[in-house]
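Engineer: Input: one structure, supplied below.
The values are calculated or read from the model by the stated rules, or taken from the named source; none is laboratory data. Keep in mind that what you see is a predicted model, and the values were worked out from it rather than measured. Note: ideal-geometry Cβ built from the backbone for every residue, glycine included; neighbour counts use all protein chains shown.
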Ligand code: DMJ
């Protein structure tokens, strides 16, 4: 299009232009031809300007195209060498031919969208013709397909790793007939517990031996995960109960499913399920256990998605949503929970070659290392959002216990290479000895609890495991204090035995005091129960292994007889509500740890030391044996101690 030439600005000066209505009556007649011509020219120039602007103003539709995120579709193969410009990720194209192509592309896309909409509409109409049941069945089929796909993916064999030297997984048969008889009695008790669970609680988490039906608690969520089966497997294995072991394996293979909408305790599921499955895998070599352990671990990982990486106490296995116990101080996570993952997670990384598990637990350790500790003590509560301690309450019993145990065992299971863990253990134990361990007036050594600068002279049944821990950590202790720690272990074992011996049933209460003339005795009614816990027997067994003092077998036998006499019912074994009462009532729960720990430690106490030797095996906090890993040649990222 051509633009009319504009008049030169020089020449005759025009009178001011007034095109208003009043201007014309006086001038119309007098307007000369040249003036009309100029006016015409100005008007045409104005029109030309407007027309030009219409073409040269930016094209807003182009902007819209980018806003829709379609740029990749619309300009798929721009070759910048041919005139396209790359501006901050967007390719702005050359003109002419390319613009034409864009339009075609746009058109093609619009047609496709239209066609898709029509198709979806048709499908929706078809769906509406179907019954509700038909639609639900279709949805279910689709869901099943996805689940099958996921299962296929999950069941892929893991990369092979050299298995550690598995020494002493059979036998341990004692030569002494009396000891053999005692060991057989314990095996019979295991069979009684298992058979009744098999008959009345199969697939449920635990058994109600009096009501003779399944039982569960909130730590396992609302789903039937067969906690007793998984927890009992390795005990069945070492006792030579192979048919029972195979039954358990079959159930796990066919039924144990972690894709359930169920909120579980990360700690409990780790120590009982992952620990139990890993131990069963190492002992039997059956792949299914390893695969299930890895699947479950994957479900726990979302619990670590917190601002600090300190995991939530609970996680929903399906949604991955985590949260903490409502009762925990200031929304905190619990030391004994997030601090009792190390053993299992290092084994998971070892078996899969995937450092994700190892990195999670090492991150927790690093974070704890950096924190200030009041009096060198670790408080039991840590807020996973802020990374700050909650209430200053320190305990070697509930809420704290297995954190210390896992520091020591991290060192042991690394073939004593993880010296960082050993140092943390030594530091922690020194502070505990200074602030929490005391002697009662009657000469009993006890471990109290530290609450906001005050020592509570009370010890829990749970705390009794510490006798075994001190003995286990004696070798390799700082300043060569092995004798001291073995002695400390013996003193704790003695105190805990006293807590049993001073009851009517010869079974220990949940907590006992050392105050105002009271020694190793429960005072409050709600601390008088015994729920088949293992900790005292666990300490007897470690003390036996390190000293071979016959009193530990004798004490273990007393406990066996008391359990058989007062906790055995025809439907299994039950906890009792008051160990000081001569006619106790039952709590009607056969805890899964009774099969995993209590009966296993008793059986080991009456076995030879070559069954699961402590140089080769480290027991997790639920008594699941995991082999020592010789990691010197294995690279696990993050910790030089492992290289
Ligand atoms: C077990 O589940 C574990 O030993 C845990 O560490 C604490 N105590 C219970 C049994 O008492």
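Engineer: State the number of residues belonging to the range 344-374 that are out of contact with any helix residue (DSSP H, G or I) (no Cβ under 6 Å at 6 or more places or on another chain) and within 16 Å of the ligand (Cβ to nearest atom).
Structural biologist: 0
Engineer: What's the total number of residues in the range 339-357 that are part of a loop (DSSP other than H, G, I, E, B) and in contact with a strand residue (DSSP E or B) (Cβ under 7 Å, 6 or more places away or on another chain)?
Structural biologist: Matching residues across the range 339-357 total 0.
Engineer: In addition: Given 165, 170, which one is modelled with pLDDT under 85, loosely packed, with under 11 Cβ neighbours inside 10 Å and outside any helix (DSSP H, G or I)?
Structural biologist: Answer to the check: 165.
Engineer: Specify which of the listed residues (150, 109, 121) is at pLDDT 75 or above, surrounded by 12 or more Cβ atoms within 10 Å (Cβ to Cβ) and part of a helix (DSSP H, G or I).
Structural biologist: Exactly one of 150, 109, 121 is at pLDDT 75 or above, surrounded by 12 or more Cβ atoms within 10 Å (Cβ to Cβ) and part of a helix (DSSP H, G or I), namely 109.
Engineer: I've got another one for you. Where in the range 424-524 are there strands (runs of 3 or more DSSP E), lying wholly inside it, with at least 2 residues that are within 16 Å of the ligand (Cβ to nearest atom)?
Structural biologist: Of the strands (runs of 3 or more DSSP E) lying wholly inside the range 424-524, those with at least 2 residues that are within 16 Å of the ligand (Cβ to nearest atom) span 458-460, 511-515.
Engineer: Restricting to the range 526-549, name every residue that is away from the ligand (no atom under 16 Å from the Cβ) and not in a loop (DSSP other than H, G, I, E, B).
Structural biologist: 526, 543, 544, 545, 546, 547
Engineer: Another one. Take the range 270-303 and flag every residue that is in contact (Cβ under 8 Å) with a residue 60 or more places away in the chain and within 16 Å of the ligand (Cβ to nearest atom).
Structural biologist: 270, 271, 272, 274, 275, 276, 278, 279, listed by residue number.
Engineer: Something else: Of the conditions (1) closer than 21 Å to residue 264 by Cβ; (2) out of contact with any helix residue (DSSP H, G or I) (no Cβ under 6 Å at 6 or more places or on another chain), residue 386 satisfies every one except a single condition; which number is it?
Structural biologist: Unmet condition: (1).
Engineer: Here are the criteria: (1) assigned to a helix (DSSP H, G or I); (2) touching a helix residue (DSSP H, G or I) at 6+ places or on another chain (Cβ under 7 Å); (3) within 16 Å of the ligand (Cβ to nearest atom). Tell me which single one residue 264 does not satisfy.
Structural biologist: Failing condition for residue 264: (1).
Engineer: Is it fair to say residue 318 is without any contact (Cβ under 8 Å) to a residue 60 or more places away in the chain and either part of a helix (DSSP H, G or I) or more than 16 Å from the ligand (Cβ to nearest atom) (or both)?
Structural biologist: Considered against the rule, which asks whether it is without any contact (Cβ under 8 Å) to a residue 60 or more places away in the chain and either part of a helix (DSSP H, G or I) or more than 16 Å from the ligand (Cβ to nearest atom) (or both), residue 318 comes out as yes.
Engineer: Got a number for residues in the range 297-315 being touching a helix residue (DSSP H, G or I) at 6+ places or on another chain (Cβ under 6 Å) and not in a loop (DSSP other than H, G, I, E, B)?
Structural biologist: 5
Engineer: Let me ask another. Take residue 411 and decide whether it is in contact (Cβ under 8 Å) with a residue 40 or more places away in the chain, away from the ligand (no atom under 16 Å from the Cβ) and assigned to a helix (DSSP H, G or I).
Structural biologist: yes
Engineer: Pairs needed: first member in the range 568-591, under 16 Å from residue 506 (Cα atoms) and without any contact (Cβ under 8 Å) to a residue 24 or more places away in the chain; second member anywhere, within 16 Å of the ligand (Cβ to nearest atom) and part of a strand (DSSP E or B); C-beta distance under 9 Å; at least 6 residues apart or different chains.
Structural biologist: Close Cβ pairs (under 9 Å, with a partner that is within 16 Å of the ligand (Cβ to nearest atom) and part of a strand (DSSP E or B)) amount to 585/576.
Engineer: Moving to a separate point now. Does the range 375-387 hold any residues that are under 17 Å from residue 337 (Cβ atoms) and either within 16 Å of the ligand (Cβ to nearest atom) or surrounded by 15 or more Cβ atoms within 10 Å (Cβ to Cβ) (or both), and which are they?
Structural biologist: 378, 379, 380, 381, 382, 383, 384, 387
Engineer: Does residue 552 meet the test of being more than 35 Å from the chain's Cα centre (by Cα), at pLDDT 95 or above, buried (at least 21 other Cβ atoms within 10 Å of the Cβ) and away from the ligand (no atom under 16 Å from the Cβ)?
Structural biologist: Here the answer is yes, as residue 552 does meet what is asked.
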